[in-house]
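So the structure is just underneath, and the comments pick up after that.
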Amino acid sequence: MKNRQDEKQIRRVGPWYAVLTVILAATMLGSATLGAVHFTWEEMWQSPIFWNLRLPRIILAVLVGAALSVCGAAYQSIFRNPLTDPYVLGISSGASLGAAVAILLGLQTLLLGVGACALVTGILTIVIIYRIASMGNRMHVTTLLLTGVCITFLISAIISFLMVLHQDKMDSIIFWTMGSFASATWIDVLFVAPVVAVGIAVVMYFGRDLNLLLAGSETARSLGVEVEKVKKWLLLVTTLMVAFCVSTCGVIGFVGLVVPHCIRLVVGPDNRKVVPLSVLVGGIFLLLCDTLARTLMIPAELPVGCLTALVGAPLFIYLLYKNKKSY
C-alpha cells in the first residue's frame with residue numbers, strides 16, 4: 001500500500017519535469033542569441049561564435065548547475081541539515097589553492113593547466129579531511145564538517161598570503177575564486193560531463209536511502225540501509241562532481257544551497273523527486289545567472305558567482321525568515 005502511495009506521489013510531479021525541460025530548452029536557445037555579438041536565429045546556426053564559444057559555455061553552465069544542485073540535495077540529507085552546501089567540506093578552498101598556485105606559476109596557457117591543478121588539490125584536500133574524520137570503517141559526520149570548516153579557513157589564509165606576496169596576480173586569482181564560464185571550451189564539457197552524468201545517476205539510485213538517512217543513521221540502519229557504505233559512496237561521487245566542476249569554472253556559491261531547499265518547499269522532502277528536479281532547476285538557475293553575467297555590462301563581464309550570491313542570498317534569507325518556526 002505504501003509503495004503505491006509513493007508511486008502516486010512521484011507521478012504527481014511528472015508535469016513538473018515536462019514544464020522544466022521545456023523551460024531549460026527555451027533558456028538555452030534564448031541565451032545562445034544574447035551577448036556582445038547579436039545574431040538572428042538563422043545566423044546563429046552558421047556562426048562560429050555560437051558553436052565554439054556560446055554553446056560549450058551554455059552546456060557547461062547547465063552541467064555545473066545540475067551537479068551543484070544534486071550535490072546540495074545529497075549533502076543536506078546526509079548531514080540532516082538544510083543549510084549544508086556542496087562546498088562545506090572544503091572542496092572549493094582546496095581547489096582554489098591549486099588554481100592560485102597554477103596562476104602564480106603561469107600555467108594558464110597550458111591545456112587545463114589551472115583546472116588540473118585545482119582538481120588535484122581539491123581531491124587531496126578531501127582525502128585529508130576524510131582521513132581525519134574516519135575511525136576504522138566509520139565516518140564521523142560532525143568531525144567531517146568541523147574539519148572541513150577548519151581546513152577552509154586555513155587554506156583561505158594561505159591564499160590571502162599568496163595574493164599579498166604576488167599582488168600583480170591578485171585580480172586573476174580573485175576572479176577565478178568568484179566563478180566564471182568565460183573560458184569554457186568543448187574540452188571542459190567533455191571533461192565534466194561523464195563525471196556529472198555518473199554522479200547524478202548514483203545519487204538518484206540512492207534516493208530511497210537518502211530519505212531514510214533523514215530520519216537518522218540508527219533508524220536507517222534498522223530499516224536495512226548499510227549506512228556507512230551508502231555515505232561513503234555518496235560522499236565519493238558528490239566530491240568528485242564538485243571537484244571537477246570547480247576545476248573548470250571556479251567557485252560558484254548558493255546554487256547547491258538554494259535550489260534543493262526551494263524544491264523541498266514545493267514538492268516535499270522525498271529525494272526521489274528532489275534530486276531529478278534539482279537537475280533541471282539547477283541547470284536553469286545557473287544558466288540564467290551566467291547569461292546575465294555576460295550581458296548586463298557588455299563588453300565587460302561579471303563573475304557568475306556574484307550573480308548567484310546576489311540572487312541566492314536574499315532569496316534564502318527570505319525563505320529562512322518565512323519558515324523560521326519550522327527550524
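The values are calculated or read from the model by the stated rules, or taken from the named source; none is laboratory data. Not measured: the values here are computed from a predicted model. Neighbour counts are summed over all protein chains in view; Cβ atoms, including those assigned to glycine, are modelled from backbone coordinates with ideal geometry.
Summed over region 267-309, residues that are modelled with pLDDT under 90, within 17 Å of residue 83 (Cα to Cα) and part of a helix (DSSP H, G or I) total 1.
Residue 292 meets each of the listed conditions (1) touching a residue at least 40 places away in the same chain (Cβ under 8 Å); (2) farther than 18 Å from residue 148 by Cβ apart from (1). Restricting region 60-82 to residues that are buried (at least 24 other Cβ atoms within 10 Å of the Cβ) and polar (S, T, N, Q) leaves a set whose member that is farthest from residue 253 (Cα to Cα) is 77. Checking residue 69 against (1) within 25 Å of residue 320 (Cα to Cα); (2) assigned to a loop (DSSP other than H, G, I, E, B), only one condition comes out false. Which one? (2) is the only condition that residue 69 fails. Taking the criterion of being assigned to a helix (DSSP H, G or I) and surrounded by fewer than 19 Cβ atoms within 10 Å (Cβ to Cβ), the residues of region 28-49 that qualify are 29, 30, 33, 41, 42, 43, 44, 48, 49.
As a summary of the residue check, residue 11 satisfies the conditions (1) over 18 Å from residue 268 (Cα atoms); (2) at pLDDT below 85 except for the one numbered (1).
Look at (1) within 18 Å of residue 252 (Cα to Cα); (2) among the acidic types (Asp, Glu); (3) out of contact with any Gly (no Cβ under 7 Å at 6 or more places or on another chain) and you find that residue 85 fails only one, number (3).
Against the definition (within 19 Å of the chain's Cα centre (by Cα), under 27 Å from residue 115 (Cα atoms), modelled with pLDDT under 90 and not assigned by TED's automatic domain parsing to the domain that holds residue 122), how does residue 190 come out, yes or no? No; evaluated as a whole, the condition is false for this residue.
Per-residue answers, yes or no, for (1) within 19 Å of the chain's Cα centre (by Cα); (2) among the polar types (S, T, N, Q); (3) farther than 29 Å from residue 294 by Cα:
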position: 86; (1), (2), (3): yes, no, no
position: 119; (1), (2), (3): yes, no, no
position: 130; (1), (2), (3): no, no, yes
position: 133; (1), (2), (3): no, no, yes
position: 142; (1), (2), (3): no, yes, yes
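Pairs linking a residue in region 157-173 that is free of Cβ contacts under 8 Å to residues at least 12 places away in the same chain and at negative phi to a residue that is assigned to a helix (DSSP H, G or I) and acidic (Asp, Glu), with Cβ atoms under 9 Å and 6 or more positions apart or on different chains, do not occur.
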